[in-house]
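Since the structure comes first, as structure tokens, the remarks are kept for the end.
Read the figures in this text as sums done on the coordinates, not as results from a lab. Everything numeric in this text was worked out from a predicted model, so none of it was measured. Reconstructed Cβ throughout: ideal geometry from the backbone, glycine too, with neighbour counts over all protein chains shown.
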Amino acid sequence: NGSFPDSAVATMASIVANSEVGVNYFQVGLFIRDFTPRPMSQIEAMLCCVSKNAIDAGAGLIVLFSETGRAPKLVAKYRPCVPVLVVTSSEAVYRHCNAHFSLHPRKVDAALMSKSFDDADTLALMEEILSEAVTSGLWGSSKHVVVVRGLGKTASADDEPFLSFYKPKQASNKKLNRAASSFFEYESKFELYKTMSLRCTSISYNDVVSRYAPARKTKIVCTLGPSCWSEDMLGKLLDA
């Protein structure tokens, strides 16, 4: 692993984050869908459209409620162009999401997951986690949010997914507003139905000189050699 594993991982993370700017997410999603065996499950048939809807609506974030991990894995399969914030009370789902493309888990109390999305506590939770998404650089608060939730008495979308759009309240906190104004948001640079390649190098000059990096969706997997065994170095690897 070398003497500076934290620097190596940070470099990898920077490379993939910047490379993602030139990916034609629309075409990648269609490619995966075209080569998925038919018939697909009813849940996958519904969730495969989430990535496309995020592009079509110009959304800045996907929020997904899950207790088994089934729904977030299906959404991640079709390579969404924006981060997916997975709300769950399951420790297993929380850990599992860290290995999937674009998924960012957020653990909550189990009592909140047992309530419907329209419940006042759930709506308050939405505002809370979206504020956290702004401060962590996942979302800029200027665009709608795609919400994938359950259709029924629970918020989980694993059995009966329901897709809606959520327009949050304008942040009153000046710090949040400043963070939102400096956020990098994905904008398609392609004529979607005419672009035939899966990956394109459509990176503009503004993308290169901008000091605001996009939220990285690709996960980094590495082995841990002797240089990584200290508690301090493990912390640096997580931060990278």
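What to note about this one:
- In order along region 29-46, phi translates into HN-Hα couplings of x, 5, 4, 5, 5, 5, 9, 7, x, 10, x, 8, 5, 4, 5, 5, 4, 7 Hz, rounded to whole numbers, per the Karplus curve 6.51 cos²θ - 1.76 cosθ + 1.60 with θ = phi - 60° and x for Gly and Pro.
- Modelled this way, with points 7 Å down the Cα-to-C-beta line, the labels at PHE101 and ALA57 are 2.1 nm from one another.
- Derived scalar couplings ³J(HN,Hα) [region 120-128; Karplus, 6.51 cos²θ - 1.76 cosθ + 1.60; whole Hz; x for Gly, Pro]: 4, 5, 5, 5, 5, 5, 4, 4, 5
- The distance linking region 81-135 with region 42-74 is 13 Å (Cα centroid to Cα centroid, whole angstrom).
- Nitroxide proxy distance, nm - points 7 Å out along Cα→Cβ at GLU91 and ILE220: 2.7 nm
- Around the Cα centre of region 32-138, unit charges on the Cβ atoms of Lys, Arg, Asp and Glu (plus for the first two, minus for the last two) sum to a dipole of about 620 debye.
- Between SER19 and LYS167, the FRET efficiency estimated from the beta carbon spacing at R0 = 35 angstrom works out to 0.65.
- Nearest-0.05 FRET efficiency for CYS228 and ALA110, computed from C-beta distance (R0 30 Å): 0.35
- HN-Hα J in Hz across region 130-140 - Karplus 6.51, -1.76, 1.60, θ = phi - 60°, x for Gly and Pro: 6, 5, 5, 5, 5, 5, 8, x, 7, 8, x
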